[in-house]
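Report on one structure; see the data block that follows.
The values are calculated or read from the model by the stated rules, or taken from the named source; none is laboratory data. These figures come from a predicted structure and were not determined experimentally. Note that we place each Cβ from the backbone using ideal geometry, even for glycine, and neighbour counts take in every protein chain shown. Accessible surface areas use protein heavy atoms only, side chains included; no ligands, DNA or RNA. Shrake-Rupley method; radii C 1.70, N 1.55, O 1.52, S 1.80 Å.
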Amino acid sequence: MIDGKCGVSVENGYSMTQTKSIRLLNSDRKLAELMNKASRKYLQSNFTQPIIASQYFCVLQHFSLSSIT
């Protein structure tokens with residue numbers, strides 16, 4: 001996630017920060033819509049089934065080759 005562009009990252013235990021972030025997005029619909037669009041674009045560019053399958057294949061190849069040597 002790109003903090004501030006695709007969403008907001010809040011460390012565990014910081015409930016006030018999380019509350020402020022939720023309130024900000026609730027009150028600023030334009031910001032929420034921009035983040036929504038940026039998030040969708042990021043996910044579609046990085047987490048499609050072909051991309052994940054390709055990355056998984058690379059990992060399998062790496063470990064398969066590692067076990068041979």
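Below, the figures for the structure above:
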| read-out | value |
| --- | --- |
| Of all accessible heavy-atom area on the chain, the percent that carbon and sulfur account for (1.4 Å) | 58 |
| Solvent-accessible heavy-atom area per residue, rounded to whole Å², over the chain at 1.4 Å | 89 |
| Residues Phe57 and Ser9, FRET efficiency given R0 of 25 Å [Cβ-Cβ distance, rounded to 0.05] | 0.30 |
| Accessible area of Arg40 in the full protein assembly, 1.4 Å probe (Å², nearest 10) | 140 |
| Cα-projected label distance for Ser39 with Ser27, points at 7 Å along beta-carbon direction, nm | 2.0 |
| Mean separation of Cα contacts under 8 Å (6+ apart) over length of the chain, as relative contact order % | 32 |
